[in-house]
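This is the structure I have questions about; it appears just below.
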Amino acid sequence: MLEHTVRLPSGRVLQVREEGDPKGVPVFSLHGTPGSRFLYPPHSADARSKRIRLISYDRPGYGGSTEQPGRRIVDTAMDVTAIADDLRVERFGVWGHSGGGAPALACAGVLDKRVVGAVCSAGVAPYPADGLDWLAGTGELNAEDFRLMLSDRSSWEEKNKKDRAEMLGWNSEQLREGLASLCSEVDRRALTGEFLEFLVRQGREGLRLGEAGMRDDNLSTILPWGFDLTRIRVPVQIWHGGEDRFVPVSHGQWLASRIPNVEAHLEPLEGHVTTFVRRIPAAQSWLAAKF
């Protein structure tokens, strides 16, 4: 495991982590919301076995990375470029789950000279999205939070501060209870000790200095994304579960219908958690084969 701090010309810093095979093909992993650069150990072990150099970082406002108020989805591609340049990496793959899904697509959309392939796992569609009932099928916790963000920004920002303080104090069992309204049965069964411990550790690191990363991740979904999905030219995979209540499968269907030549895996029996736990290894294999 290696840690780096990348300093940008603007003065912002990005905290970067590397796991897997240090001599392997470079693949970026973009974390969910909230989250941090800490990687799920089975994914790192999988990367190592496949000779993948797995690179992650704290998006602005999380962990050790400077916040960037007003950031857009496309800004992730600029940060990934800066990290790749700092690490002297020319070509790379990228995958992102949940809140990292749209940023992975941004990399595909604007870094086509450098990205060998991108995977969006359980990611959201833009808001609003023509023909998509954006909240249909969303679990109560996420739906209420999204409606409040749209209707009363100041109250929503105060709620973010309270949510952050509460989440920092959660243990694994409290996290399981906190996610109850978002979990289908298949996801409830996947909330095992190892995975819950990872989520607690990753979340505490991401939120340790404040709620800015979580706040700005969510706000970025309702801002213009800054790139055109229909003009993506690099290979893209979409993974989405039919039992996903965090981000309903209709989002994956909508994305798959707009991105050219996409390889869509819309799996009716998978959920949000299980897509992350079970399907990322397949995504990593697919990306490794693109080099």
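Just so it is clear, none of the values below were taken in a lab; they were calculated from the coordinates. Just so it is clear, the model here is predicted, and its values are computed rather than measured. Positions of Cβ are generated from backbone atoms using ideal geometry, with glycine treated the same way; all protein chains shown enter the neighbour counts.
With bins 5 Å wide starting at 0, give me the P(r) of region 160-272 over every alpha carbon pair, in whole percents.
Bins of 5 Å from zero give 2, 10, 15, 16, 18, 17, 13, 7, 1 percent of pairs.
Just tell me the longest site-free run in the chain, where the sites are trypsin sites (Lys or Arg not before Pro) in a DSSP loop having at most 16 other beta-carbon atoms within 10 Å.
On the way: sites that count: 12, 23, 51, 88, 91, 113, 208, 233, 290.
Answer from the scan: 114-207.
Residue 231: net charge of surrounding residues, Cβ under 15 Å, Lys/Arg +1, Asp/Glu -1, itself excluded? Could the numbers behind the result be given before it?
Numbers: positive: 113, 233, 258; negative: 112, 228.
Taking every other residue near residue 231 into account, the sum is +1.
Here's a follow-up. Express in nm, to one decimal, how much length is gained between residue 180 and residue 233 on full extension, taking 0.36 nm for each residue of separation and deducting their alpha carbon distance.
15.2 nm
Mind grabbing the base-10 log of I(q)/I(0) for the chain at q = 0.10, 0.11, 0.13 Å⁻¹? Debye formula, identical points on the C-alpha positions, no solvent, two decimal places.
Cα-only, vacuum Debye calculation for the chain: -0.46, -0.57, -0.83.
Sort 267, 3 so that the residue with the fewest other Cβ atoms within 10 Å of its own Cβ comes first and the one with the most comes last.
Arranged by neighbour count, lowest to highest, 267, 3 become 3, 267.
In percent, how large is the relative contact order of the chain, given Cα pairs closer than 8 Å and 6 or more residues apart?
23 percent
Among 246, 28, rank each residue by its count of other Cβ atoms within 10 Å, from fewest to most, as a rough exposure measure. Each step should come with its number before you reach the end.
Values: 246 24, 28 27.
Result, fewest neighbours first: 246, 28.
Springs between alpha-carbon pairs under 10 angstrom, Gaussian network model over the chain: which of 248, 26, 42 fluctuates most?
42
Then there's this: Kindly state, to the nearest 0.05, the FRET efficiency for residue 289 paired with residue 150, given R0 = 51 Å and r defined as their beta-carbon distance.
0.80
Can you sort 4, 43 from fewest to most other Cβ atoms within 10 Å of each residue's own Cβ?
4, 43
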